[in-house]
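Chemist: My structure is below; once you've seen it, I'll send some questions.
The values are calculated or read from the model by the stated rules, or taken from the named source; none is laboratory data. Values in this document were obtained by computation on a predicted structure and should not be read as measured data. Cβ placement follows ideal geometry from the backbone for every residue including glycine, while neighbour counts extend to all protein chains displayed. Side chains are part of the model used for accessible areas, which takes the heavy atoms of the whole protein and leaves out ligands, DNA and RNA. Shrake-Rupley method; radii C 1.70, N 1.55, O 1.52, S 1.80 Å.
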Amino acid sequence: MLIISNSLTEKVDEGCLKVTYNLIKRLKKSHGGAFVITYERKSELSDRHMELNKLMLNGELRSIIKQKNEKVLYVPFPAKPIATAIRIFVMSLMCRNGLDVILPMKINAEGISKLLIRLSKADLIVFSKQSENFYKSIVPKGRIRYIKTGVDTKKFVPVTSDEKRRLKLKYGLDPEKPLVLHVGHLNEGRNIQTLLNIDSEYQVLLVVSTLTKDEQNSELREKLLKKSNIKIFDSYIPEIEEIYQMSDVYLFPVTEDGHCIDVPLSCLEAASCDLPVITTDFGEMKEFINKPGFYRMNGADENGLNKLIKSATEDEHCSTREAVLPYDWDNCIGDFS
């Protein structure tokens, strides 16, 4: 197996990067002959790192593809739709034995972008039914694979109330107050301003990806920090599972395409720790809305939101973990051949 990606890096705390790292790590283990080529970003998983231009044109790359003589798995970091479409098309011309492209985030392709993806003959791998339906308007159904994945259920596990209390103290939080968590980018496109509406009886923690630190909305950040019950962590946290384990409810307010990958990994990781999850019907979260422990968020109405949080924190029979067990990374490896 030959894998090409610019989505591998050392600090894995952003959705697309986590998808790429977790899948490729497991593919290298299960496919002994897997060879990984990286460009732009580099990782310990890389077998060969090279400089590529925006059109992916490189004599050494073409030579390796020809020598390997097998289908290629391409995992691009999201770019503008036209740029991503061009690279998929160019890659397909080089990969005479076929090209699989992993698209963790739906590309809002139109016009020439749609045409290039269709003409590429690439097979598309997606992680939500919503994206599967979208791409059916671009390529034949036989060229789309919808795969359930997105969480390490052995790493993200529930803990006892005593351990939850210990972790809150470790991270400087009040062990007596319910903790509402969100993990992701700090910008208005993700509807993060919703956190401002959470009552002071709850403490709120926003954990920001280090990759997107420079993209933070400074004005929104200041508004959040003015609220005494809100804290922001924006440094790399290696034991990120502890952040979920100490929390009492997870809030996912994203509504707009392009501001999160199709299957929000943070929601799956929270659920794997058996937290109640308050979520919009964004992407793959539509598949969880009616399951026990998942609460549908409608808008950012202050009263409605706090009622949901109250219901979630008082849910004594929360069982969200069971719903995400089929999404364990290891379960999907057999879908890659």
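Chemist: Which condition number does Leu251 fail, the rest of (1) crowded, with 19+ Cβ neighbours inside 10 Å; (2) among the aliphatic types (A, V, I, L, M); (3) without any contact (Cβ under 8 Å) to a residue 24 or more places away in the chain being met?
Modeler: Unmet condition: (3).
Chemist: Another question, then. Does at least one position in segment 198-210 carry a residue that is within 26 Å of Glu302 (Cα to Cα), assigned to a helix (DSSP H, G or I) and aliphatic (A, V, I, L, M)?
Modeler: Looking for residues that are within 26 Å of Glu302 (Cα to Cα), assigned to a helix (DSSP H, G or I) and aliphatic (A, V, I, L, M), one finds none in segment 198-210, hence no.
Chemist: Tell me, yes or no, whether segment 79-96 has at least one residue that is open to solvent by 40 Å² or more (accessible area, probe 1.4 Å), β-branched (Val, Ile, Thr) and closer than 25 Å to Lys42 by Cα. Show your work before the answer.
Modeler: If we filter segment 79-96 for residues that are open to solvent by 40 Å² or more (accessible area, probe 1.4 Å), which is where we start, we get 79-82, 86-87, 89, 93, 96.
Subsequent filtering for residues that are β-branched (Val, Ile, Thr) retains 82, 86.
Subset that is closer than 25 Å to Lys42 by Cα: 82, 86.
Yes, because at least one residue in segment 79-96 is open to solvent by 40 Å² or more (accessible area, probe 1.4 Å), β-branched (Val, Ile, Thr) and closer than 25 Å to Lys42 by Cα.
Chemist: Could you check how many residues of segment 27-70 are in a helix (DSSP H, G or I), in contact with a helix residue (DSSP H, G or I) (Cβ under 6 Å, 6 or more places away or on another chain) and surrounded by fewer than 18 Cβ atoms within 10 Å (Cβ to Cβ)?
Modeler: 2
Conditions (1) in contact with a Pro (Cβ under 7 Å, 6 or more places away or on another chain); (2) open to solvent by less than 40 Å² (accessible area, probe 1.4 Å); (3) over 20 Å from Pro238 (Cβ atoms); (4) at pLDDT 95 or above, marked per residue:
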site	(1), (2), (3), (4)
Gly142	no, no, yes, no
Lys154	no, no, no, yes
Val157	no, no, no, yes
Glu163	no, no, no, yes
Leu167	no, yes, no, yes
Pro175	no, yes, yes, yes
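Chemist: When you check Leu8 against the structure, is it assigned to a loop (DSSP other than H, G, I, E, B), of a type outside the set (Val, Ile, Thr), open to solvent by 10 Å² or more (accessible area, probe 1.4 Å) and out of contact with any Cys (no Cβ under 7 Å at 6 or more places or on another chain), yes or no?
Modeler: Considered against the rule, which asks whether it is assigned to a loop (DSSP other than H, G, I, E, B), of a type outside the set (Val, Ile, Thr), open to solvent by 10 Å² or more (accessible area, probe 1.4 Å) and out of contact with any Cys (no Cβ under 7 Å at 6 or more places or on another chain), Leu8 comes out as no.
Let's see how each residue does on (1) open to solvent by 10 Å² or more (accessible area, probe 1.4 Å); (2) at positive phi; (3) assigned to a loop (DSSP other than H, G, I, E, B):
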| residue | (1), (2), (3) |
| --- | --- |
| Ser228 | yes, no, yes |
| Ile232 | yes, no, no |
| Ile237 | yes, no, yes |
| Glu242 | yes, no, no |
| Cys260 | yes, no, yes |
| Leu268 | no, no, no |
| Ile278 | no, no, no |
| Ile289 | yes, no, yes |
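Chemist: Give me the residue from segment 92-104 that is part of a loop (DSSP other than H, G, I, E, B) and closer than 14 Å to Ile144 by Cα and, out of that set, nearest to the chain's Cα centre (by Cα).
Modeler: Pro104
Chemist: Check Ser209 against each of (1) open to solvent by less than 10 Å² (accessible area, probe 1.4 Å); (2) out of contact with any His (no Cβ under 8 Å at 6 or more places or on another chain) and name the one condition it does not meet.
Modeler: Of (1) open to solvent by less than 10 Å² (accessible area, probe 1.4 Å); (2) out of contact with any His (no Cβ under 8 Å at 6 or more places or on another chain), only one is false for Ser209: (2).
Chemist: Same structure, new question: What about Val75, is it among the aliphatic types (A, V, I, L, M), closer than 16 Å to Leu116 by Cβ and modelled with pLDDT of 90 or more?
Modeler: no
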